[in-house]
Amino acid sequence: MDQKTRDAIGLLRHRIISPVLMESGRAQMKYFRGLESQAFDVPGVGAKQFKPATMKGWLHRYRKHGFPGIVPRERSDRGVFRKISPEKREALLALRRDNLDLSVVKFHERAKKQGLLGCPPICGATLARFLQSHNLSTEKATKERKRFEMSRFGELWTGDFMHGPQVREASSGRRMRKAILLAIIDDHSRLIVGARFGIQETSLPIERVFQDAILQYGIPDRLYVDNGPSFSSSYLAQVCANLGIGLVHSKPYDSPSRGKIERFFRTVRECFVVDLPTNTQITLQDLNERFSLWLREGYHHRHHAGIDSRPLDRYQISVTQFPRRRASEERLREYFLSRMERKVKNDSTISINSIIYEVPARLIGCVIEIRHSHESPNELYLYEKNERVQRILPVDVRANGKLYRPSPRESVIPFHQMQKPEAGHSK
């Protein structure tokens, strides 16, 4: 209860006792008994009735202490949770700081299992108020953040997806799909090293955008992404491991930790998406062409308030001082291939996506490694000991039928040429 509410209650009490301030005891009680059945609108509480003894107590305190005597007093133990001992309070707070991603309900269960809620354990509502009093009820309200910036280009790249405008499918001509932007930003320069609109959040846009970014700007030290399925896949982990890139995932539902890429997405919506024509339906290719032009001629050349410079200028200054790690295009293509394993059947075949492929017969019964690009999922290659052996093709059963020659059967001896049994051996 705040001070304003307490003062309002004090004024209500004063209004109730005012008619009998100068009356004697009998007149006072007669008056109070007449008000016993009446309901008063108490500020912050609602309709409430009072006993005559209660109202008489107000009159007594008012005569002795004045108006402050009838104003509700603030609890002396306000903010103190008596059911939680000081030792358990510190343990609860420490446990909560290590589990900010848990809801209060889940955290109540965990704290109860560890015996930190007393006996009998406090309820979830009390725990929620206790956490709220320490600003630890939700991660959003309690996450301590500090402004940071990497010291050079390529030290940290941050990637994320953004749901964008509707586009028309070029194949159908009428069907509309939501365009999804994958963008990667450099933390030091705010340069967008890779960006492209697609129609899905899979490993395919990651292969295109991340590979092109490395070819143009070199290999980064770390890549910071969220916990989405495409970013948490073994594919991206394998790519980063091969290239010596540290892959870092943010905590679940912690988009503010990727504030720079989120701020860029806000710029995209406010400065690019709003200027798209609304009376025509653009295709995905048109959208990417417009966006690439906006990046080259607009965003990279504009003054960025966060760095007090243009992103392109910061990038050029940094790369002259800190040379970048590079990788050849052929090497990158190898690293960005998706991998899978299959066991070869007795007919020298394997099955991938319900298609039967033929492999060398010497591999029957072996587990082999197959790699392919996400852009060409049907172009499969056989690898042995990380070396490409050959491309594998679907089985051509008719061609194999022409090459098939059954082994000759054993010659049959005519019946009349069969050797007759010797004498004495006949039955």
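Data overview
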item	result
Identity of the residue in the stretch 33-59, among the polar types (S, T, N, Q) and closer than 18 Å to residue 18 by Cβ, that ends up surrounded by the most Cβ atoms within 10 Å (Cβ to Cβ)	54
Count of the stretch 105-121 residues which are of a type outside the set (D, E, K, R) and surrounded by fewer than 17 Cβ atoms within 10 Å (Cβ to Cβ)	7
Residue under evaluation residue 228, criteria (1) in contact with a helix residue (DSSP H, G or I) (Cβ under 9 Å, 6 or more places away or on another chain); (2) among the small types (Gly, Ala, Ser); (3) at negative phi, criterion not met	(1)
Top-ranked residue in the stretch 204-237 [being at pLDDT below 90 and among the polar types (S, T, N, Q); ranked as nearest to residue 337 (Cα to Cα)]	234
Test: residue in the stretch 197-205 that is part of a strand (DSSP E or B), over 24 Å from residue 324 (Cβ atoms) and of a type outside the set (Gly, Ala, Ser)	yes
Inter-residue pairs, beta-carbon under 6 Å, first closer than 11 Å to residue 197 by Cα and in the stretch 275-302, second in a loop (DSSP other than H, G, I, E, B), 6+ apart	283/170
Any hit, the stretch 307-323, residues being of a type outside the set (Phe, Trp, Tyr), out of contact with any His (no Cβ under 8 Å at 6 or more places or on another chain), closer than 30 Å to residue 170 by Cα and in contact (Cβ under 8 Å) with a residue 40 or more places away in the chain	no
Condition broken by residue 20, with the remaining ones in (1) β-branched (Val, Ile, Thr); (2) exposed (fewer than 15 other Cβ atoms within 10 Å of the Cβ); (3) more than 60 Å from the chain's Cα centre (by Cα) satisfied	(2)
The lone exception for residue 90 - which of (1) part of a helix (DSSP H, G or I); (2) at pLDDT below 85; (3) surrounded by 14 or more Cβ atoms within 10 Å (Cβ to Cβ) it fails	(3)
Subset of the stretch 241-268 (residues that are in contact with a Gly (Cβ under 8 Å, 6 or more places away or on another chain) and free of Cβ contacts under 8 Å to residues at least 60 places away in the same chain)	263
From 295, 247, 332, 287, residue being part of a helix (DSSP H, G or I), under 28 Å from the mean Cα position of the chain (by Cα) and over 28 Å from residue 176 (Cα atoms)	332
Residue among 333, 310 that alone is closer than 28 Å to residue 373 by Cα and either touching a helix residue (DSSP H, G or I) at 6+ places or on another chain (Cβ under 8 Å) or not assigned by TED's automatic domain parsing to the domain that holds residue 373 (or both)	333
Output for the stretch 298-317, where each listed residue is touching a strand residue (DSSP E or B) at 6+ places or on another chain (Cβ under 9 Å), within 18 Å of residue 260 (Cβ to Cβ) and not in a loop (DSSP other than H, G, I, E, B)	299, 300, 311, 314, 315
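For (1) surrounded by fewer than 11 Cβ atoms within 10 Å (Cβ to Cβ); (2) hydrophobic (A, V, I, L, M, F, W, C); (3) in a strand (DSSP E or B), each residue gets a yes or a no:
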position	(1), (2), (3)
327	no, yes, no
347	no, no, no
365	yes, no, no
371	no, no, yes
376	yes, no, no
382	no, yes, yes
390	no, no, yes
398	yes, no, no
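Residue-wise test of (1) closer than 30 Å to residue 88 by Cβ; (2) at pLDDT below 90; (3) surrounded by 18 or more Cβ atoms within 10 Å (Cβ to Cβ).
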| residue | (1), (2), (3) |
| --- | --- |
| 123 | yes, yes, no |
| 127 | yes, yes, yes |
| 137 | yes, yes, yes |
| 177 | no, yes, no |
| 198 | no, no, yes |
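The values are calculated or read from the model by the stated rules, or taken from the named source; none is laboratory data. All figures in this text were calculated on a predicted structure; none of them were measured in a lab. All Cβ positions, glycine included, derive from the backbone under ideal geometry; neighbour counts span all protein chains shown.
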